[in-house]
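For reference, the structure is listed below as structure tokens.
The values are calculated or read from the model by the stated rules, or taken from the named source; none is laboratory data. Treat the numbers as computed from the prediction; the structure is a model and nothing was measured. A quick note on method: Cβ atoms are made from the backbone with ideal geometry, for glycine too, and the neighbour counts reach across all protein chains shown. Only protein heavy atoms, including side chains, enter the accessible area calculation; ligands, DNA and RNA are left aside. Shrake-Rupley method; radii C 1.70, N 1.55, O 1.52, S 1.80 Å.
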Amino acid sequence: SLSGYLKRENVRSLTMSGHVGFESLPDQLVNRSIQQGFCFNILCVGETGIGKSTLIDTLFNTNFEDYESSHFCPNVKLKAQTYELQESNVRLKLTIVNTVGFGDQINKEESYQPIVDYIDAQFEAYLQEELKIKRSLFTYHDSRIHVCLYFISPTGHSLKTLDLLTMKNLDSKVNIIPVIAKADTVSKTELQKFKIKLMSELVSNGVQIYQFPTDDDTIAKVNAAMNGQLPFAVVGSMDEVKVGNKMVKARQYPWGVVQVENENHCDFVKLREMLICTNMEDLREQTHTRHYELYRRCKLEEMGFTDVGPENKPVSLQETYEAKRHEFHGERQRKEEEMKQMFVQRVKEKEAILKEAERELQAKFEHLKRLHQEERMKLEEKRRLLEEEIIAFSKKKATSEIFHGQSFLATGSNLRKDKDRKNSNFL
Amino acid sequence: QQPTQFINPETPGYVGFANLPNQVHRKSVKKGFEFTLMVVGESGLGKSTLINSLFLTDLYPERVIPGAAEKIERTVQIEASTVEIEERGVKLRLTVVDTPGYGDAINWICICLFNTIISYIDEQFERYLHDESGLNRRHIIDNRVHCCFYFISPFGHGLKPLDVAFMKAIHNKVNIVPVIAKADTLTLKERERLKKRILDEIEEHNIKIYHLPDAESDEDEDFKEQTRLLKASIPFSVVGSNQLIEAKGKKVRGRLYPWGVVEVENPEHNDFLKLRTMLITHMQDLQEVTQDLHYENFRSERLKRGGRKVENEDMNKDQILLEKEAELRRMQEMIARMQAQMQMQMQGGDGDGGALGHHV
């Protein structure tokens, strides 16, 4: 890459003799982003009723509209809602995605799949926009998930099988921050043991959760400390209770009041600090530079793109794209040709068959005709013979009749004459 | 027609059969009592803690709780542990039947667990039937399940599909007492709402749970009131603990939080006492319902079936065995597939995430 090339060259550092003013660059960047507004997308994964909506309400100090879901959904779905919030002069387009029906089905083998599909779909949409010839990334509404809050049930024992399976399928696609939900049911000593057990389970099963970054000196220390407190044990509530002379967000029990923003009671404040105040931008950045890039690379490799062509020469995306398109066209043309050939071939074959059939038919016809002819001639012959016999018979009959008449007139003499004649002849 | 009247003989003296109840009492103390309680619910709902709290003993001294990865390999089991506890001379032989692994499986192995549990219940009925029909009936041991505590998670909105399916599978075989676990996660308002929701859903799905009998008319008012209160609190929402905490100057069993102490035996905190009262005062009734209803159902079905056609039963047994073997093989295949999948995940996820992103 170009910047790498420059680095290797000797770049000189100079001191300036006066104030130029480019120190305002960060401010300019900040101003531009304030103008644009920010976009943040949170995915909440957890069982029905575990407190996802309540926690988000509490985090953003807003009663986002929601209703209780049923436990009897046949499969897991995702529900997304976008809100526009403003704090001082900063505008935030917040999208909250919740799982619906997670953990309710009896067969939970495929429960994680709709979540994975949703995350991939947002990556895909972004990739499509990025690949467009005429694109407008500036105004594109980025729907990629920047953080996944995974809600662990406060059993006090360990992760559930479903938790392990789901997080393993999500950890390479999204920043996961696991939280212990409804933590006011876990006592302090139990909580310590629980957190240790959960983290060791995640580590031993190779689940990669989001680590708060420690590369920036200004926040490294606090981030490192917070990393050691994971998973955060949270309690959410929008109800207010009077404690002392203030109204605070709390849950009122007969035995005491759990104050949401009291760090002795739960880790809510820590979560808010880390998620919103300190590391929101890092979460967005990680999503873009790590998770999205991974998705993009895999997707393009699937489609057959490489960075390095044959003979190890770098290949630009554009070239590869053109080559692919060409190849595709060529392929398509070839296929068309093939199909045409096949069609022609078929027609020829069919024609040949039909001709053959026709010939056969003709031969049969001739044969029959001949037979017919022969038959006719035979019959003709017979008729002729018959006719001749008839004529002969008629003649005989006529002759006999004449003869019969003559003999009637000269019976004796003729007869004797005939007889004599006959006898004389004989003698 | 007038019903026959018992004529009270004009006895000048005392006869003595008024002492019968005492005799029954004496004999029963000598004989001792038996009770089998089945406990069913997802992992982590506090079942073991609650049982220990109820009977003020440690029924599970060497417990190892498996992690998520181990749970994948675990087959379904039934574990019965029997203890003998005594109070003021009265001996109770208590058997607690556990079903570890319930609700852990993420595929259809869950349903196979139902069959295992139902088979267990039937087996106890079968054994009792056999013993009862035998020649020597001196020492019949009653291992039939008299009561099943079904633990409902307080973290959801009510019953889940698994809960409904299971209760419907056993409600004709055992007395079901639904219990809302870890009740210290619910405020009073949430608790009432959840109880009502669960009762509605039980009715909606026609699930038969154990009904406490109304108090007899000759019982005293306190008892009647207690029964009314008990009935109104079902399903009980409970908290269990065997740890002693210092609260309000005395030691109580409870759970210590930064914001207060949940007292197990405080009726304003949870229904633990009600559950214990119900169990103790109705132990005999639970046994009777098991005997008169569930067992008799089983027995009549069994005798109808088993009376004639004995050879068919043997053949059916072989067939059932084959079917069960096939089922087992299928289950094992499923487990193997899942394990293979998890193995492939683990191999693919090392380094800084720059490795293969695809999941197979």
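Being surrounded by fewer than 22 Cβ atoms within 10 Å (Cβ to Cβ) and not assigned by the TED database to the domain that holds A:Tyr321 is a property that does not hold for A:Asn175. Of the listed requirements (1) over 18 Å from B:Pro154 (Cβ atoms); (2) open to solvent by 40 Å² or more (accessible area, probe 1.4 Å), B:Val252 misses just one: (2).
With respect to A:Lys132, determine if the residue is in the same structural domain as A:Met226 (by the TED database), open to solvent by 10 Å² or more (accessible area, probe 1.4 Å), among the basic types (Lys, Arg) and more than 30 Å from A:Tyr321 (Cβ to Cβ).
Numbers: in the same structural domain as A:Met226 (by the TED database): yes; open to solvent by 10 Å² or more (accessible area, probe 1.4 Å): yes; among the basic types (Lys, Arg): yes; more than 30 Å from A:Tyr321 (Cβ to Cβ): no.
Taking the combined requirement at face value, the residue does not satisfy it.
Before we move on, is A:Phe232 of a type in the set (Phe, Trp, Tyr) and either out of contact with any strand residue (DSSP E or B) (no Cβ under 6 Å at 6 or more places or on another chain) or free of Cβ contacts under 8 Å to residues at least 24 places away in the same chain (or both)? The answer is no for A:Phe232. The single condition among (1) at pLDDT 95 or above; (2) of a type outside the set (Lys, Arg); (3) within 16 Å of B:Arg276 (Cβ to Cβ) that B:Gly240 does not satisfy is (1).
Being more than 8 Å from every other protein chain (Cβ to nearest Cβ) and farther than 21 Å from A:Tyr210 by Cα is the filter here; which residues of segment A:179-188 pass it? Listed by number, the list holds a single entry, A:Val186. If you filter segment A:47-67 down to residues that are of a type in the set (Ser, Thr, Tyr), surrounded by 13 or more Cβ atoms within 10 Å (Cβ to Cβ) and within 14 Å of chain B (Cβ to nearest Cβ), you find that the one that is farthest from A:Leu165 (Cα to Cα) is A:Thr54. For A:Ile115, state whether it is touching a Cys at 6+ places or on another chain (Cβ under 9 Å), hydrophobic (A, V, I, L, M, F, W, C) and within 11 Å of chain B (Cβ to nearest Cβ). No. Filter segment B:75-100 for residues that are at pLDDT below 80, closer than 29 Å to B:Gln339 by Cβ and open to solvent by less than 70 Å² (accessible area, probe 1.4 Å); which is farthest from the other protein chains (Cβ to nearest Cβ)? Here the answer is B:Gln77. Yes or no: segment A:212-221 includes at least one residue that is under 25 Å from A:Leu43 (Cα atoms) and within 13 Å of chain B (Cβ to nearest Cβ). Yes, segment A:212-221 has at least one match. For B:Arg191, the test of being open to solvent by less than 50 Å² (accessible area, probe 1.4 Å) and over 30 Å from B:Asp122 (Cβ atoms) is passed.
State yes or no: is A:Leu127 over 28 Å from A:Arg272 (Cβ atoms), within 14 Å of another protein chain (Cβ to nearest Cβ) and in contact (Cβ under 8 Å) with a residue 60 or more places away in the chain? For A:Leu127, the condition - over 28 Å from A:Arg272 (Cβ atoms), within 14 Å of another protein chain (Cβ to nearest Cβ) and in contact (Cβ under 8 Å) with a residue 60 or more places away in the chain - is met.
Yes/no matrix, rows are residues, columns are (1) out of contact with any Phe, Trp or Tyr (no Cβ under 7 Å at 6 or more places or on another chain); (2) in a loop (DSSP other than H, G, I, E, B); (3) within 11 Å of chain A (Cβ to nearest Cβ):
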| residue | (1), (2), (3) |
| --- | --- |
| B:Arg191 | yes, no, yes |
| B:His211 | yes, yes, no |
| B:Asp218 | yes, yes, no |
| B:Glu225 | yes, no, no |
| B:Leu229 | yes, no, no |
| B:Ile234 | yes, yes, no |
| B:Lys251 | yes, no, no |
| B:His269 | no, yes, yes |
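Taking the stated definitions as given, is A:Ile176 more than 7 Å from chain B (Cβ to nearest Cβ) and touching a Cys at 6+ places or on another chain (Cβ under 8 Å)? Talk me through it step by step, then tell me what you get.
Numbers: more than 7 Å from chain B (Cβ to nearest Cβ): yes; touching a Cys at 6+ places or on another chain (Cβ under 8 Å): yes.
Answer is yes for this residue.
One line per residue, one yes/no per condition, for (1) surrounded by fewer than 10 Cβ atoms within 10 Å (Cβ to Cβ); (2) modelled with pLDDT of 75 or more:
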residue	(1), (2)
A:Met16	yes, no
A:Val45	no, yes
A:Ser69	no, yes
A:Cys73	no, yes
A:Gln81	no, yes
A:Asn89	yes, yes
A:Lys108	no, yes
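Restricting segment A:195-211 to residues that are within 10 Å of chain B (Cβ to nearest Cβ) and of a type in the set (A, V, I, L, M, F, W, C), which is nearest to the chain's Cα centre (by Cα)? Per the criteria, the residue is A:Val207.
Residue under question is B:Ile198, and the condition is that it be at pLDDT 95 or above and surrounded by 15 or more Cβ atoms within 10 Å (Cβ to Cβ); does it hold? The answer is yes for B:Ile198.
Taking every residue in segment B:142-171 that is at the interface with chain A (Cβ under 9 Å from one of its Cβ atoms) and pairing it with any residue that is of a type in the set (Phe, Trp, Tyr), at least 6 positions away or on another chain, the pairs with Cβ-Cβ distances below 8 Å are B:Pro161/A:Phe72; B:Asp163/B:Tyr150; B:Ala165/B:Phe114. B:Val238 satisfies every condition listed in (1) touching an Asp or Glu at 6+ places or on another chain (Cβ under 6 Å); (2) away from chain A (no Cβ under 14 Å) except (2).
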